[in-house]
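Report on the following structure.
The values are calculated or read from the model by the stated rules, or taken from the named source; none is laboratory data. Since this is a predicted model, take the numbers as computed values, not measurements. Every residue, glycine as well, gets a Cβ built from its backbone with ideal geometry; the counts of neighbours run over all protein chains shown.
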């Protein structure tokens with residue numbers, strides 16, 4: 001049954017299709033897995049991420065809800081505590097604010113409150129990110145609201161392979177996982193995915209590109225811009241840039257962060273979330289604290305400006321990191 | 001305050017229940033009252049700290065409703081949940097030890113008064129965010145319905161939860177999906193110090209059932225038999241697959257909102273009027289007057305209960321503090337599910 005609907009052949013899949021495949025395969029694999037959210041069933045989701053699930057698994061397991069985020073998350077917790085494995089969808093990550101209480105108070109503390117006697121194996125899928133002209137309430141990267149909440153896990157895949165493998169791991173994990181999927185990546189990237197079942201472990205970063213002169217630490221939407229920038233400076237400046245993709249933001253892969261910092265001695269953190277209070281600050285602190293002796297320059301951060309994501313395309317572009325900005329930041333840090 | 005209907009409901013329950021069951025109701029209400037009285041005493045002596053909300057006066061609601069459940073049914077509660085947890089069967093020792101912040105507490109001293117939880121007995125937690133337990137109760141109902149199990153969920157909350165969005169989201173969804181959830185609103189007239197008239201446009205709280213297309217009833221929450229009977233009717237409906245109900249149990253907390261609240265916003269006269277309708281005394285009168293139970297039987301129950309609670313206090317006091325080395329345990333569960 002696994003893969004019957006998703007196609008078990010090695011074939012090209014978009015980031016969006018990879019998520020869809022993971023849902024199909026995990027629902028086929030475990031009847032406790034179910035999907036719940038606004039317009040996820042009949043409509044297949046606002047972005048068509050859940051398309052085909054209703055036909056394959058029926059309305060008992062693919063559930064359209066009213067626009068009630070607190071309830072969607074809270075009901076997910078209630079079902080999870082009884083052994084179900086809900087994958088609940090926030091239609092846009094911005095709307096997660098309406099379900100915030102149920103995530104940080106109810107879900108995150110569940111195991112701790114109960115002395116490890118109960119668990120909350122729930123995934124909250126949250127389509128995040130800017131660059132799609134969604135403006136203020138449809139463009140945010142709210143991962144830092146959650147990366148400081150013990151009891152949660154937070155992932156942010158940047159590739160189709162990881163989108164699939166991390167979602168499978170998140171569904172199989174016995175803790176609440178917030179899964180940030182970047183909207184701009186849905187249809188803009190694709191790759192060949194291997195046959196059959198595979199997972200990507202939570203909590204493990206991945207070196208996407210090896211280098212000697214400088215390290216970029218990034219995740220999600222800015223991975224691709226970082227890789228582009230690394231190629232540009234290699235060609236034009238002869239710089240060798242390593243790129244580390246965090247993949248999981250909670251728990252952070254501290255070993256991988258420190259290893260790349262020690263290898264190159266210069267660290268640039270890039271993320272699409274805002275600068276202040278973003279996870280880049282935490283990474284900078286970890287590096288400064290534990291790899292200080294290896295550093296040949298300051299730890300720099302390139303992130304969205306500390307303002308809202310505006311609608312007007314030139315303004316939006318100005319607020320967000322992009323390849324040119326990363327190239328410039330690499331050159332400045334390399335010259336330090 | 002008692003409505004004619006409540007009297008009839010209570011009469012019906014009185015006829016249905018056998019003497020041993022009635023005595024069990026009496027025992028449970030006394031157990032909670034004694035527990036709360038000793039808790040207040042321990043708080044005054046500094047043995048219990050933090051935020052602590054007592055249930056004295058409201059015993060008939062938890063005891064009456066939970067007595068209408070099977071052991072396998074689920075209960076979700078609030079931060080004023082000592083009574084519900086005890087009524088569901090958690091040993092007083094484990095609850096008192098939790099209030100003391102001891103390792104032997106039901107949440108190993110991590111939760112304290114407001115976060116009791118006993119999944120083995122299907123007490124699915126006290127939730128210290130007003131209205132926070134309702135979505136979870138709907139999720140329990142969803143799981144029950146999906147697995148086609150016979151259980152129901154009894155979800156308690158105060159009048160203060162009604163203006164919360166979570167209340168409306170939960171009633172809507174439970175009704176839409178016909179989930180087996182009994183919503184029990186403990187209307188004690190005050191959300192902390194704010195009178196219900198100043199907080200909610202519709203003071204007949206049971207009428208919030210109407211827009212959500214479920215039965216809504218108001219019962220005398222000072223009458224354990226009335227609460228029991230109303231809950232029996234709601235559970236029968238839920239078990240038949242006909243969906244949720246809303247019960248408004250009109251009741252009164254004898255003490256302030258929490259231990260730090262002297263309740264100066266209400267009059268001594270008002271408090272006296274309610275205490276004259278004390279749920280324990282009311283049942284006692286019935287048992288002696290209508291069922292001819294000898295006073296000595298009731299006194300024996302009271303003595304037994306006092307001994308249990310005294311033992312719980314001793315147990316809590318003598319129990320060890322949690323070890324600092326265990327601080328980080330259970331923040332996450334290891335894959336493979338919760339520890340037994």
* Could you grab me the full set of residues in the stretch A:179-190 that are in contact with a helix residue (DSSP H, G or I) (Cβ under 7 Å, 6 or more places away or on another chain) and either more than 9 Å from residue A:15 (Cβ to Cβ) or not assigned by TED's automatic domain parsing to the domain that holds residue A:16 (or both)? => A:179, A:180
* Check on residue A:124, touching a helix residue (DSSP H, G or I) at 6+ places or on another chain (Cβ under 6 Å), outside any loop (DSSP other than H, G, I, E, B) and crowded, with 23+ Cβ neighbours inside 10 Å -> no
* Asked: residue A:220: under 30 Å from residue A:123 (Cα atoms) and not assigned by TED's automatic domain parsing to the domain that holds residue A:24, yes or no?
  -> yes
* Spot the failing condition for residue B:142; the list is (1) over 14 Å from residue B:78 (Cα atoms); (2) more than 10 Å from every other protein chain (Cβ to nearest Cβ), and only one is missed. => (2)
* Asked: In this structure, is residue A:108 at pLDDT 95 or above and either under 30 Å from residue B:90 (Cβ atoms) or assigned by TED's automatic domain parsing to the domain that holds residue A:17 (or both)?
  -> yes
* Could we say that residue A:71 is surrounded by 23 or more Cβ atoms within 10 Å (Cβ to Cβ) and touching a helix residue (DSSP H, G or I) at 6+ places or on another chain (Cβ under 6 Å) here? -> yes
* To do: Please enumerate the residues belonging to the stretch A:117-136 that are farther than 20 Å from residue A:202 by Cα and within 9 Å of chain B (Cβ to nearest Cβ).
  => A:117, A:118
* To do: For residue B:284, state whether it is touching a strand residue (DSSP E or B) at 6+ places or on another chain (Cβ under 8 Å), surrounded by 11 or more Cβ atoms within 10 Å (Cβ to Cβ) and either outside any loop (DSSP other than H, G, I, E, B) or away from every other protein chain (no Cβ under 14 Å) (or both).
  => no
* Does residue B:246 meet the test of being closer than 20 Å to residue B:22 by Cα, crowded, with 23+ Cβ neighbours inside 10 Å, modelled with pLDDT of 95 or more and touching a helix residue (DSSP H, G or I) at 6+ places or on another chain (Cβ under 6 Å)? -> no
* To do: Looking only at the stretch B:71-114, count how many residues are within 11 Å of another protein chain (Cβ to nearest Cβ), in contact with a strand residue (DSSP E or B) (Cβ under 8 Å, 6 or more places away or on another chain) and in contact (Cβ under 8 Å) with a residue 60 or more places away in the chain.
  => 3
* Among the residues of the stretch B:118-139, how many are surrounded by fewer than 24 Cβ atoms within 10 Å (Cβ to Cβ), facing chain A (nearest Cβ under 8 Å) and under 16 Å from residue A:80 (Cβ atoms)? -> 1
* Within the stretch A:137-147, is there a residue that is over 20 Å from residue A:191 (Cα atoms), away from chain B (no Cβ under 14 Å), at pLDDT below 95 and surrounded by fewer than 24 Cβ atoms within 10 Å (Cβ to Cβ)? -> yes
* Asked: Just checking, which of A:149, A:155, A:123 is touching a residue at least 24 places away in the same chain (Cβ under 8 Å) and closer than 22 Å to residue A:222 by Cα?
  -> A:155
* To do: Taking only the stretch A:275-312 into account, find how many residues are part of a helix (DSSP H, G or I), in contact (Cβ under 8 Å) with a residue 40 or more places away in the chain and more than 22 Å from residue A:229 (Cα to Cα).
  => 1
* Matching residues, the stretch A:287-317, being modelled with pLDDT of 95 or more, crowded, with 16+ Cβ neighbours inside 10 Å and within 21 Å of the chain's Cα centre (by Cα) -> A:301, A:302, A:303, A:304
* Tally, over the stretch A:1-32, of residues that are away from every other protein chain (no Cβ under 14 Å) and modelled with pLDDT of 95 or more -> 16
* **Options A:35, A:40: the member that is in a strand (DSSP E or B) and either modelled with pLDDT under 95 or in contact with a helix residue (DSSP H, G or I) (Cβ under 9 Å, 6 or more places away or on another chain) (or both)** => A:35
* To do: Look at residue A:45 and say whether it is in a helix (DSSP H, G or I) and either in contact with a strand residue (DSSP E or B) (Cβ under 9 Å, 6 or more places away or on another chain) or within 14 Å of chain B (Cβ to nearest Cβ) (or both).
  => no
* To do: Test residue A:103 against the stated conditions and say whether it is within 12 Å of chain B (Cβ to nearest Cβ) and more than 17 Å from residue A:174 (Cα to Cα).
  => no
